[in-house]
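See below for the structure under consideration.
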Amino acid sequence: MSSTRKPPPATRERLVSTTQELLWERGYVGTSPRAILDRAGVGQGSMYHHFTGKSDLAQAAIRRTAEDMKESAEECLSAPGTAYDRVAAYLTRERQVLRGCPIGRMTQDRDVVQDPELRRPLDEMFGWLRGRIAEVLAEGQRRGELADGLDPVAVAATVAAVVQGGYVLARAADDTAPFDAAVRGALSLLAAQVTPGTGSDHTGPGDRR
């Protein structure tokens, strides 16, 4: 019987979740393997037991973050209500605005955007988001909730851009107000495309932290 002891199953999860947090805080370049190991409380051997190196671990962490964001967005976009209500729920859902978007943060790292494997989860997440919002808006048109002249694909791209741009403006001001203002603006533009009598609750975002 071999005496070699394998790392506990929880080690891989701890490495991934720790890397998610550090990437959000420091970005890819600013996140060193040593910082990951120290915060996760594991040894170097454990890291290389599960991953080939920093890039491999970062890829797993970025993909996990993208999956988490997709799940949160889908919860809003598949909820009951009109197309406006569902998009509004996505725009106004609880966010840590001043920390920025954990996926959008990665687009600021040159090493990430130049690496096809690291960039792929970003492309897939943003592509999925635009497509899903467009589906919701197109469904709203078919139900007669939204004006026929609305372009679901273009509006979906605008919604995604408002969120990402709102994060940047809020972080630059160290204040959530610019994000909330951007969301209110997007909702007012979308509300103008709502057909009368659909029952949408045209409410704006609440206070954010």
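The values are calculated or read from the model by the stated rules, or taken from the named source; none is laboratory data. Everything quoted here is computed from the prediction, not taken from an experiment. Heads up, the Cβs are rebuilt from the backbone with ideal geometry, glycines too, and the neighbour counts pull from every protein chain shown. Side chains included, ligands, DNA and RNA excluded: accessible areas come from the protein's heavy atoms. Shrake-Rupley method; radii C 1.70, N 1.55, O 1.52, S 1.80 Å.
Based on the Cβ-Cβ distance of Val153 and Glu71, what FRET efficiency does E = 1/(1 + (r/R0)^6) give at R0 = 22 Å, to the nearest 0.05?
On the way: r = 23 Å, r/R0 = 1.05.
Rounded to the nearest 0.05, the efficiency is 0.45.
Excluding ligands, DNA and RNA, what is the solvent-accessible area per residue of the chain at a probe of 1.4 Å, expressed in Å²?
Values: 10820 Å² over 209 residues.
Dividing the accessible area of the chain by its residue count gives 52 Å².
Could you work out the helix-only [θ] at 222 nm for the chain, with each DSSP H run of four or more residues adding -39,500 (n - 2.57) and the total divided by the number of residues, to the nearest 500 deg cm²/dmol? Taken over the chain, the calculation gives -21000 deg cm²/dmol. Full extension of the chain between Ser17 and Val113 gives 32.4 nm of extra length, using 0.36 nm per residue less the Cα-Cα distance. In this rough spin-label picture, where each label sits 7 Å from Cα along the Cβ direction, the Leu189-Thr52 distance is 4.3 nm. Only Cα pairs under 8 Å and 6+ residues apart enter the sum, and on that basis the relative contact order of the chain stands at 22 percent. With a simple spin-label model that places each label point 7 Å from the Cα along the Cα-to-Cβ direction, the separation between Ala10 and Ser78 comes to 3.1 nm.
The H on the amide N of Leu146, modeled in the peptide plane, is under 5 Å from the matching H of Gln141, Thr195, each at least 5 residues off or on a different chain. Can you match mean projected area of the Cα convex hull in nm² to one of these, (i) 14.0; (ii) 12.8; (iii) 11.8, based on a calculation from the structure here? It is the value labelled (i).
Helices assigned as whole DSSP H runs in the chain whose Cα atoms extend at least 30 Å along their own long axis and whose mean Kyte-Doolittle hydropathy is -1.0 or higher are found at 54-77, 116-142, 152-173. The accessible surface of the chain, taken with every protein chain in place and a 1.4 Å probe, is 50 percent carbon and sulfur.
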